Amino acid sequence: MKYNSKKSYTVEEALTKLQKYCSYQDRCHKEVEQKLKEMRMIPQAADQIIMALIQGNYLNEERFTMAFVRGKFKIKKWGKRRLTSELKQRNISSYLLNKALKQISEVDYNATFENLANKKAASLTGTSAIAKKKKLADYLIYRGWESHRVYDKVNQLF
């Protein structure tokens, strides 16, 4: 029997499915809205489900934003520019974005940057100093670190 990917959901079924989806990991409104579109829910039902998720505290944009920033900074070592751009793509408000970024202490931020830059610089095996500089700068900028900080560090190391 072939699986039917065009399954239709009742509001209750969709709500149950999305409660599990939000319980597994904090989600932002945009991710939930996308999931509802994939489930082909009509806008009125989608709004009703989103309200129920918010009221049941399954969907909390502030909690999502704080956890996102904490996780991506500590685990993936992303800088503030990358964090900001990723959250803006998820339609997170400037207020929540700034509040979440403030939870990163300046000391931790600087230490993380120094460790990441030094570790990456030590692992580079380029022929010339220029090639190493470029690789290190590209790596750090991709991770979302501020360009003035990156270029100062690159010039300090090579």
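The single condition from (1) surrounded by 13 or more Cβ atoms within 10 Å (Cβ to Cβ); (2) not in a loop (DSSP other than H, G, I, E, B) that residue 114 fails is (1). If the condition is being charged (D, E, K, R), within 20 Å of residue 68 (Cβ to Cβ) and either part of a loop (DSSP other than H, G, I, E, B) or in contact with a Pro (Cβ under 6 Å, 6 or more places away or on another chain) (or both), then the stretch 23-51 contributes 26, 27.
Whether a residue is in contact with a Lys or Arg (Cβ under 6 Å, 6 or more places away or on another chain), outside any helix (DSSP H, G or I) and crowded, with 18+ Cβ neighbours inside 10 Å was assessed, and residue 145 does not pass this test.
Only a single item in (1) polar (S, T, N, Q); (2) surrounded by 14 or more Cβ atoms within 10 Å (Cβ to Cβ); (3) without any contact (Cβ under 8 Å) to a residue 24 or more places away in the chain is not met by residue 34, and it is number (2). Exactly one of these conditions fails for residue 69: (1) hydrophobic (A, V, I, L, M, F, W, C); (2) over 26 Å from residue 18 (Cβ atoms); (3) part of a helix (DSSP H, G or I). Give me its number. The single condition residue 69 does not satisfy is (2). Here is the figure for the stretch 129-145: residues that are touching a Ser or Thr at 6+ places or on another chain (Cβ under 8 Å) and either in the same structural domain as residue 75 (by TED's automatic domain parsing) or not aliphatic (A, V, I, L, M) (or both) total 1. Against the test of being out of contact with any Gly (no Cβ under 9 Å at 6 or more places or on another chain), in contact (Cβ under 8 Å) with a residue 40 or more places away in the chain and β-branched (Val, Ile, Thr), the options 92, 54, 75 yield a single qualifying residue, 92.
Would you mention how many residues in the stretch 95-111 are part of a helix (DSSP H, G or I), of a type in the set (Gly, Ala, Ser) and free of Cβ contacts under 8 Å to residues at least 24 places away in the same chain? Lay out the reasoning, then the answer.
Of all residues in the stretch 95-111, those part of a helix (DSSP H, G or I) come to 95-102, 106-111.
Subset that is of a type in the set (Gly, Ala, Ser): 100, 111.
Imposing the further condition that a residue be free of Cβ contacts under 8 Å to residues at least 24 places away in the same chain reduces the set to 111.
The total comes to 1.
Within the stretch 91-105, is there a residue that is closer than 25 Å to residue 36 by Cα and in contact with a Leu (Cβ under 6 Å, 6 or more places away or on another chain)? Within the stretch 91-105 (the criterion being closer than 25 Å to residue 36 by Cα and in contact with a Leu (Cβ under 6 Å, 6 or more places away or on another chain)), the answer is yes, since at least one residue qualifies. Filtered by the rule that a residue be closer than 21 Å to residue 107 by Cβ and surrounded by 19 or more Cβ atoms within 10 Å (Cβ to Cβ), the stretch 78-89 gives 78, 79, 83, 84.
Can you spot a residue in the stretch 120-134 that is under 26 Å from the mean Cα position of the chain (by Cα), of a type in the set (Ser, Thr, Tyr) and closer than 27 Å to residue 70 by Cβ? Within the stretch 120-134, not a single residue is under 26 Å from the mean Cα position of the chain (by Cα), of a type in the set (Ser, Thr, Tyr) and closer than 27 Å to residue 70 by Cβ.
Taking the residues in the stretch 117-132 that are among the small types (Gly, Ala, Ser) and in a helix (DSSP H, G or I) as candidates, determine which candidate is surrounded by the most Cβ atoms within 10 Å (Cβ to Cβ). If you could, list the steps in order and put the result at the bottom.
Step one: filter the stretch 117-132 for residues among the small types (Gly, Ala, Ser), giving 117, 121-123, 126, 128-129, 131.
Going one step further and asking which of them are in a helix (DSSP H, G or I), we end up with 117, 121-123, 129, 131.
Details: 117: 23, 121: 19, 122: 8, 123: 10, 129: 11, 131: 13.
So, considering only residues that are among the small types (Gly, Ala, Ser) and in a helix (DSSP H, G or I), the one surrounded by the most Cβ atoms within 10 Å (Cβ to Cβ) is 117.
The values are calculated or read from the model by the stated rules, or taken from the named source; none is laboratory data. Every value quoted in this text rests on a predicted model; they were computed, and no experiment measured them. So basically every Cβ, Gly included, is an ideal-geometry build from the backbone, and we count neighbours across all protein chains shown.
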